[in-house]
Amino acid sequence: CEARKVALLGAAGGIGQPLALLLKMNKFVTELALYDIANVVGVAADLSHCNTPVKVTGYTGPEELGACLKGADLIVIPAGVPRKPGMTRDDLFNTNAGIVKALVEAVAKHAPNAVLEIITNPVNSTVPIAVETLKLAGVYDPKKVIGVTSLDIVRANTFVSEAKGLDMKDVDVPVIGGHAGSTILPLLSQTTPPVTFTEAEKKAMTDKIANAGTVVVEAKAGKGSATLSMAYAAARMAESTLLGLNGEPNIYECAFVQSDVVADCPFFASKVLLGPNGVAKVMGLGELDAFEQAAMAAMLPQLKSEIQKGLDFVKSP
Ligand code: APR
């Protein structure tokens, strides 16, 4: 397989460090460029001692960002501040919007052809910010900007396996919509293998999946949000993306991307086919049951307004 450079921005953080470790263990990665505004040189030195063939380099401060990004095939961004109890993902907007915009401006300049994966919350707004920033720079390619929602799928797979006594590795639940509260909609009716729930169970399972991030924020009691499970989920997304870049056929993941599957909603998470240039195809939603249709209709105003907030931020920050 081809040489692949992955750049990780926000690499010294709670998500960044375990994600860097998982990428250091990934067989498709040849070079790992770690960037942060603090503590990253030590993280890179530490990680570089693991005897896998991935070359690890730390970069710190805006003056080193260009070198970090140059030649990257895949750029993953978890940089930003995490949630504290009582906060929604949207409450992070003011701080994280500016961080994402500045980092994506550097991506536009130094690695305009890379696939870009955004983890920084609120994803419903930061992905539109990334897209609008790339558009302004004249380098936007819809195949290359991906909002990482794979933690919602990982959680759904775990919770449904547990509830139904199924083997974790066999269960796949598509999750659509966005990546905040009730915009997160697991399609339990499309679970593989097929499972059945009563209406009450369906509602309880959907709420459990949508609120799982908040459960972690509360359990961590002020020390942050999901980091290990997020890193695990982001590593899965990166692996699938690298498989697609390497020409492997039939690689599907749910992700939050520019989309026309839902009228008047320019970004939406749904199943996408990953290919040699990133997102090869945004798939349709399949058939939703009555519960899912109602949840879809109920989420759209919030999702659209969070998307608009991101788009507006770039127009007038
Ligand atoms: N450039 C690069 N790195 C930055 C910048 C910046 N402008 N601003 C902050 N960082 C770095 C921090 O130095 C820190 O190392 O981002 C890292 C964030 O780490 P944590 O504070 O531990 O946060 P984490 O739990 O990793 O979450 C980060 O991901 O899921 C989302 O909601 C979460 O938006 C949050 C983000």
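Among residues of the stretch 54-69 that are at pLDDT 95 or above, those with a Cβ under 6 angstrom from a residue that is of a type in the set (Lys, Arg) and part of a helix (DSSP H, G or I), sequence gap 6+ or separate chain, pair up as Val54/Lys24. Selection of the stretch 272-303 for residues being buried (at least 17 other Cβ atoms within 10 Å of the Cβ) and under 18 Å from the mean Cα position of the chain (by Cα) yields Val272, Leu274, Gly275, Gly278, Val279, Val282, Leu303. Among residues of the stretch 95-113 that are within 16 Å of Gly310 (Cβ to Cβ), those with a Cβ under 6 angstrom from a residue that is away from the ligand (no atom under 11 Å from the Cβ) and aromatic (Phe, Trp, Tyr), sequence gap 6+ or separate chain, pair up as Ala97/Phe313. Being aliphatic (A, V, I, L, M) and within 12 Å of the ligand (Cβ to nearest atom) holds for only one residue in Leu32, Leu9, Leu21, Leu47, and it is Leu9. Can you find even one residue in the stretch 116-134 that is part of a loop (DSSP other than H, G, I, E, B), open to solvent by 50 Å² or more (accessible area, probe 1.4 Å) and either over 19 Å from Pro18 (Cβ atoms) or in contact (Cβ under 8 Å) with a residue 60 or more places away in the chain (or both)? No, that holds for no residue.
With respect to Glu105, determine if the residue is at pLDDT 95 or above, open to solvent by 20 Å² or more (accessible area, probe 1.4 Å) and touching a helix residue (DSSP H, G or I) at 6+ places or on another chain (Cβ under 7 Å).
yes
Within the stretch 276-301, the set of residues being part of a helix (DSSP H, G or I), within 22 Å of Lys202 (Cα to Cα) and of a type outside the set (A, V, I, L, M, F, W, C) comprises Glu292, Gln293. For the stretch 215-230, a residue qualifies if it is in contact with a Gly (Cβ under 8 Å, 6 or more places away or on another chain) and buried (at least 20 other Cβ atoms within 10 Å of the Cβ), and the qualifying residues are Val217, Ser225, Ala226, Thr227.
Is there a residue being of a type in the set (Asp, Glu) and out of contact with any strand residue (DSSP E or B) (no Cβ under 9 Å at 6 or more places or on another chain) anywhere in the stretch 214-231? Yes, the conditions are met somewhere in the stretch 214-231. Report yes if Ala67 is crowded, with 18+ Cβ neighbours inside 10 Å, more than 11 Å from the ligand (Cβ to nearest atom) and of a type in the set (A, V, I, L, M, F, W, C), otherwise no. No: the conditions fail for Ala67.
Results for (1) farther than 14 Å from Ala33 by Cα; (2) within 15 Å of the ligand (Cβ to nearest atom); (3) over 21 Å from the mean Cα position of the chain (by Cα), shown as yes or no for each residue.
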residue: Gly61; (1), (2), (3): no, yes, yes
residue: Ile77; (1), (2), (3): no, yes, no
residue: Ala97; (1), (2), (3): yes, yes, no
residue: Val100; (1), (2), (3): yes, yes, no
residue: Asn121; (1), (2), (3): yes, yes, no
residue: Asn124; (1), (2), (3): yes, yes, no
residue: Val127; (1), (2), (3): yes, yes, no
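Being touching a residue at least 12 places away in the same chain (Cβ under 8 Å), within 16 Å of the ligand (Cβ to nearest atom) and closer than 29 Å to Ile75 by Cβ is the requirement here; does Ser229 meet it? So Ser229 fits the description; yes.
Scanning the stretch 37-64 for residues that are farther than 19 Å from Ala114 by Cα, of a type in the set (Asp, Glu) and surrounded by 15 or more Cβ atoms within 10 Å (Cβ to Cβ) returns no hits.
The values are calculated or read from the model by the stated rules, or taken from the named source; none is laboratory data. The structure presented is a predicted model; accordingly, all values stated were derived computationally and were not measured. Glycine gets a Cβ as well: all are built from the backbone with ideal geometry, and neighbour counts include every protein chain shown. Note: accessible area is taken over every heavy atom of the protein model, side chains too, but ligands, DNA and RNA are not part of it. Shrake-Rupley method; radii C 1.70, N 1.55, O 1.52, S 1.80 Å.
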